[in-house]
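The values are calculated or read from the model by the stated rules, or taken from the named source; none is laboratory data. The shown structure was predicted, so the numbers you read here are calculated from the model rather than taken from an experiment. Positions of Cβ are backbone-derived with ideal geometry, glycine not excepted, and every protein chain shown enters the neighbour counts. Quick note on the areas: whole protein, heavy atoms, side chains included, nothing else; ligands and nucleic acids left out. Shrake-Rupley method; radii C 1.70, N 1.55, O 1.52, S 1.80 Å.
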Amino acid sequence: MDASTGQTSPLLRSSDDFEALTPSVVAALMAAAADVAVVLDDEGVVKDLAVSDTELPQDVFENWIGRPFRDSVSVESRDKVKRLLSVAGEVGAVVTQTHVNHPRPGGGDDLPVLYSSAPLGQGAVIALGRDLSPIAAAQRRLLSAQRQSEREHQKIKLAEARYREYYQLSAEPSMFLDADDRVAGANFAAQAHWSRTARLLGRKVADLVAPADREALFELITEARRSRGVQSGVMEMGRVILAPLRQERGVVLMRVCEPTAQPATIPDRLARVVEAMPDGFVVTDGQFNILLANGAFAAMTEAGEPPEIMGTSLDRWLGRPGVDLSVIRTALAETGTLRSFATVVKGELGQVHDVDVSAAKVTDVDGDYVGLSVRQALASDAVLPTRSAEQLADLVGRVPIKEIVRETTDTIERMCIEAALELSGDNRASAAELLGLSRQSLYVKMRRFGIVDVEDPGA
């Protein structure tokens, strides 16, 4: 140990202590210190072999002596044998950490060994190897555990999605009450039954029942929390069932069975249809704050149930912050509608969905409202060049492939630039952000394609 640096150094100061060691002792120490010790001549032929680890598969080392060492390794490891032999004739040279794989004669996983080599004189080389099988086995177990964890996580997500869909589509009004007896979550039936025009989330449960039923309801809630059991009672609004959640202390699920019959209105039916849609659907105010969202969009955001994302800005998940919503806002201001705008939805857990967004703006007495349909993009939605596959095939043999590729690339670039300029309302800074280009690069490409006579302010 070097006292000044704290690092391990060769045993140079004690080199005189090793002079008494005989060659046989040195050979025995090397064989004992390594899992595998191999002596090679100047041609790379195995002269001697010692395997100290009895747990290693012995069939791997059969018939090594007298054969080239490169014949005992896998194809991809043969160049590494040359590296082990490169120290021959170089006094004091050492090659360290050369990973070599030895195939099993009967098949199965290769035996990984980490070799270090040093010259012995007269062109001979000794290679000392350490068995890497335990590390490889640990890596395989870790990979298997990771895959199993991913499968289990996917099962949990699928189960959550199923229960969320069942909860939202249930015809019985259901909602979660927090420890302060406020509504912490509600399905569409509860929203339709109690609060057609106002937001239900966060309201006191006392405001939702008849005054004559409030005392009885609070007694049921208190008893459910105290006993940690299901309680029920009949009230004016129907039969009420209260169940405490074991995972969340103080939270109670309130379900109304056989509520007072109310005819379903067209908005109620429409809300259920929207919730059942496989594509995401969102309603926002004029500032793109979410007022309503269905389960499909909530699943894309990975942020929980639809009521939990209400009141949040759509910019948190949709597109690049400050860019894509600006393009949507500009398009809606000009025509009131937007069709098939390609963007992304970024989930809370890091997953990114490629989506196509169509939107429409409606102006009411209390302000503007925006409805957005968010459809996950399919692989077939990719942009294709203007030439068909048959037309491109006809050019083969008559036009060099470089020209075909260049023409196709130029066509796609021009189409993308024109589309970005149209979506951004000819705002070149926004168009450059949509394309992932600097403004100077956008100006150069616009001049190249003759789209418009531009002046580069940065020039």
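Of all residues in segment 322-369, those that are touching a residue at least 24 places away in the same chain (Cβ under 8 Å), among the hydrophobic types (A, V, I, L, M, F, W, C) and either touching a Pro at 6+ places or on another chain (Cβ under 6 Å) or within 30 Å of His153 (Cα to Cα) (or both) total 6. Taken over segment 47-57, the residue count meeting the criterion of being open to solvent by less than 100 Å² (accessible area, probe 1.4 Å) and free of Cβ contacts under 8 Å to residues at least 24 places away in the same chain is 5. Taking each residue of segment 113-136 that is in a loop (DSSP other than H, G, I, E, B) and looking for partners that are surrounded by fewer than 15 Cβ atoms within 10 Å (Cβ to Cβ) with beta-carbon atoms closer than 7 Å, six or more apart or interchain, yields Gly123/Asp42; Gly123/Gly89. Taken over segment 137-172, the criterion of being in contact (Cβ under 8 Å) with a residue 24 or more places away in the chain and of a type in the set (S, T, N, Q) is satisfied by Gln168 alone. If I filter segment 379-397 for residues that are modelled with pLDDT of 80 or more and out of contact with any helix residue (DSSP H, G or I) (no Cβ under 7 Å at 6 or more places or on another chain), do I get at least one hit? Taking every residue of segment 379-397 in turn, none turns out to be modelled with pLDDT of 80 or more and out of contact with any helix residue (DSSP H, G or I) (no Cβ under 7 Å at 6 or more places or on another chain). Residues of segment 329-341 that are open to solvent by less than 10 Å² (accessible area, probe 1.4 Å) and either modelled with pLDDT under 80 or in a loop (DSSP other than H, G, I, E, B) (or both): none at all. Is at least one residue of segment 307-317 assigned to a loop (DSSP other than H, G, I, E, B) and β-branched (Val, Ile, Thr)? Yes, the conditions are met somewhere in segment 307-317. The set of residues from segment 11-60 being within 21 Å of Gln122 (Cβ to Cβ), small (Gly, Ala, Ser) and either over 50 Å from the mean Cα position of the chain (by Cα) or modelled with pLDDT under 70 (or both) comprises Ser24, Ala27, Ala28, Ala31.
The criterion of being assigned to a strand (DSSP E or B) and either in contact (Cβ under 8 Å) with a residue 40 or more places away in the chain or under 34 Å from the mean Cα position of the chain (by Cα) (or both) holds for Gly185. Could you tell me whether segment 320-328 includes any residue that is farther than 25 Å from Cys416 by Cβ, buried (at least 16 other Cβ atoms within 10 Å of the Cβ) and of a type in the set (A, V, I, L, M)? For segment 320-328, residues farther than 25 Å from Cys416 by Cβ, buried (at least 16 other Cβ atoms within 10 Å of the Cβ) and of a type in the set (A, V, I, L, M): absent. Restricting segment 188-230 to residues that are under 17 Å from Glu172 (Cβ atoms) and part of a loop (DSSP other than H, G, I, E, B), the residue that is most open to solvent (accessible area, probe 1.4 Å) is Val230.
Is there a residue in segment 130-140 that is closer than 30 Å to Gly295 by Cα, buried (at least 18 other Cβ atoms within 10 Å of the Cβ) and of a type outside the set (Gly, Ala, Ser)? Within segment 130-140, not a single residue is closer than 30 Å to Gly295 by Cα, buried (at least 18 other Cβ atoms within 10 Å of the Cβ) and of a type outside the set (Gly, Ala, Ser).
Here Val113 meets each of (1) crowded, with 18+ Cβ neighbours inside 10 Å; (2) more than 30 Å from Val36 (Cα to Cα); (3) not hydroxyl-bearing (Ser, Thr, Tyr) with one exception, condition (2). Looking only at residues in segment 231-272 that are modelled with pLDDT of 80 or more and open to solvent by 100 Å² or more (accessible area, probe 1.4 Å), which one is farthest from Pro211 (Cα to Cα)? Checked segment 231-272; the qualifying residue farthest from Pro211 (Cα to Cα) is Arg239.
Checking the stated criteria, Gly304 turns out to be within 30 Å of Arg182 (Cα to Cα) and either part of a loop (DSSP other than H, G, I, E, B) or in contact (Cβ under 8 Å) with a residue 24 or more places away in the chain (or both). Return yes when Asp410 is at pLDDT below 80, surrounded by 14 or more Cβ atoms within 10 Å (Cβ to Cβ) and outside any strand (DSSP E or B) and no when it is not. Judged against the criteria, Asp410 is a match. Scanning segment 63-84 for residues that are outside any helix (DSSP H, G or I), open to solvent by 50 Å² or more (accessible area, probe 1.4 Å) and touching a strand residue (DSSP E or B) at 6+ places or on another chain (Cβ under 8 Å) yields Ile65, Gly66, Arg67, Pro68.
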